[in-house]
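Have a look at the structure below, then the notes.
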Amino acid sequence: MICDTVRKGDECIFMAKGGCKYNGGACLPVVEQCEGCQRISEYETGKYCTAAPEPALKWKNGNCNMATHVKTVVETKKQKINPIKASKRR
């Protein structure tokens, strides 16, 4: 249904005929860690995340899994090869 509380005009899964069914009756504004994310939309009532109704919970245990501005770097450990064993493998 279409939201009629804080994100007016947007589609929301928490909206029902009786109003917003999310905890507290409305989505919560973005937190400081969300600044720079492409999922933020600005409305008359403030800035809100389009992916999560309560952004603070996404950042509770580390980085938000929906954040577009956070890049995860996976380090690969280069293994040392013994040159004697490498020559025997050929």
Test set (1) surrounded by 15 or more Cβ atoms within 10 Å (Cβ to Cβ); (2) without any contact (Cβ under 8 Å) to a residue 40 or more places away in the chain; (3) in a loop (DSSP other than H, G, I, E, B) - ALA56 fails condition number
(3)
PRO83 passes all but one of the listed conditions (1) at pLDDT below 85; (2) of a type outside the set (D, E, K, R); (3) more than 13 Å from the chain's Cα centre (by Cα); the exception is number (1)
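Taking the conditions exactly as written (more than 12 Å from the chain's Cα centre (by Cα) and in a loop (DSSP other than H, G, I, E, B)), does VAL73 satisfy them or not?
Details: more than 12 Å from the chain's Cα centre (by Cα): yes; in a loop (DSSP other than H, G, I, E, B): yes.
In short, yes.
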Kindly establish whether TYR48 is in contact (Cβ under 8 Å) with a residue 40 or more places away in the chain and surrounded by 12 or more Cβ atoms within 10 Å (Cβ to Cβ).
yes
Among the residues in the range 27-42, are any in contact with a helix residue (DSSP H, G or I) (Cβ under 9 Å, 6 or more places away or on another chain), among the polar types (S, T, N, Q) and modelled with pLDDT of 85 or more?
yes
Quick one: is GLY62 surrounded by fewer than 10 Cβ atoms within 10 Å (Cβ to Cβ) and on the phi > 0 side of the Ramachandran plot?
yes
Looking for something exposed (fewer than 10 other Cβ atoms within 10 Å of the Cβ) and touching a residue at least 24 places away in the same chain (Cβ under 8 Å) - is there at least one such residue anywhere in the range 1-18?
no
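The values are calculated or read from the model by the stated rules, or taken from the named source; none is laboratory data. Small disclaimer: the values here were computed from a predicted structure and weren't measured. For neighbour counting, all protein chains shown are included, and Cβ atoms are generated from backbone atoms with ideal geometry for every residue, glycine included.
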